[in-house]
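Below: one structure, written as structure tokens.
The values are calculated or read from the model by the stated rules, or taken from the named source; none is laboratory data. Since this is a predicted model, take the numbers as computed values, not measurements. No Cβ is skipped: glycine too gets one built from the backbone with ideal geometry, and neighbour counts run over all protein chains shown. Surface areas here come from the heavy atoms of the whole protein model, side chains and all, with no ligands, DNA or RNA. Shrake-Rupley method; radii C 1.70, N 1.55, O 1.52, S 1.80 Å.
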Amino acid sequence: MSENSLKEQRIAGYEAVLTENMQDPFEKKIKEKIFKWWANWVPDYEGWCKIAEWLYAPDAEINAIGDQPQLFSIYEKSMKGQRDFFAMDMGPIEDPVTEGDTIAFHYLMYLTPKVDYDKFKKGETKIIKVTEFNTFSHQKEEDPQVCRLTLISSSL
């Protein structure tokens with residue numbers, strides 16, 4: 001898939017969510033926020049940091065890289081290494097489920113190593129199926145932020 005095609009799909013997903021009717025206003029806010037994040041997702045590290053700070057609370061617990069959960073500030077630094085090693089792109093959000101303060105969904109992540117390393121060959125894209133669970137804080141009802149992220153991935 002081309003980068004432009006994936007971006008167009010992410011934007012279309014966000015536009016569709018804006019017209020959805022949902023009974024719970026908080027659930028609508030968090031669903032719209034996740035889809036807006038996805039529509040505005042960028043592959044470069046600096047761009048990712050700018051929008052990630054809008055999505056994640058500073059003290060958010062992130063369970064995505066490594067065996068132990070990290071605070072957002074440490075996760076943000078871990079992403080630098082990942083972005084240095086891989087070119088990355090994201091497919092559209094699939095099967096979103098919103099309940100209370102949590103939204104869960106799947107997507108495909110496309111990782112292309114920039115150098116050869118172990119089982120990774122430069123230029124050979126790996127497709128990873130990812131499931132995310134994002135729990136939002138009610139502290140900022142008008143603009144909620146993720147206070148906990150759990151990411152589960154598997155190779156296709």
* Asked: Looking only at GluC sites (Glu not before Pro) in DSSP loops with at most 15 other Cβ atoms within 10 Å, what is the longest site-free stretch of the chain?
  -> 21-123
* To do: For the chain, calculate the relative contact order in percent as a whole number, restricting contacts to Cα pairs under 8 Å that are 6 or more residues apart.
  => 22 percent
* Asked: Quick one: putting +1 on the C-beta of Lys and Arg, -1 on the C-beta of Asp and Glu, what dipole do you get for region 58-153 around its Cα centre, in Debye to the nearest 20?
  -> 640 debye
* Asked: Using 0.36 nm per residue, how much length does the chain from Asn63 to Thr102 gain when fully extended, once their Cα-Cα distance is taken away?
  -> 12.6 nm
* May I ask which residue of Phe26, Leu6, Tyr107 lies farthest towards the positive end of the charge dipole of region 1-123, with charges of +1 (Lys, Arg) and -1 (Asp, Glu) on Cβ and the Cα centre as origin? => Leu6
* Asked: If you roll a 1.4 Å probe over the heavy atoms of the protein chains, what accessible area per residue do you get for the chain, in Å²?
  -> 56 Å²
* Structure fact -> Averaged over all viewing directions, the convex hull of the alpha carbons in region 1-86 casts a projected area in nm² of 6.8 nm²
* Over region 28-156, with every protein chain in place, what whole percent of the accessible area is carbon and sulfur at 1.4 Å, could you tell me? => 52 percent
* Residue by residue through region 14-30, which ³J(HN,Hα) values in whole Hz follow from phi under the Karplus form 6.51 cos²θ - 1.76 cosθ + 1.60 (θ = phi - 60°), with glycine and proline marked x? -> 5, 4, 5, 5, 4, 9, 5, 9, 10, 6, 8, x, 5, 4, 5, 4, 6
* **Dimensionless Rg ratio for region 66-142, taking C-alpha atoms and the 2.2 N^0.38 Å reference** => 1.35
* To do: List the relative contact order of region 1-62 as a percent without decimals, with contacts defined as Cα pairs under 8 Å and 6+ residues apart.
  => 32 percent
* Solvent accessible area, Å² - Ser78, 1.4 Å probe, full protein context -> 40 Å²
* To do: Grab the DSSP H runs of the chain that are 4 residues or longer, score each as -39,500 (n - 2.57), total them, divide by all residues and round the 222 nm result to the nearest 500 deg cm²/dmol.
  => -11500 deg cm²/dmol
* Go through Lys114/Lys140; Lys7/Lys121; Lys29/Lys114; Lys33/Lys77; Lys36/Lys121; Lys29/Lys122 and tell me which ones have a Cα-Cα distance over 28 Å in this structure. => Lys114/Lys140; Lys29/Lys114; Lys36/Lys121; Lys29/Lys122
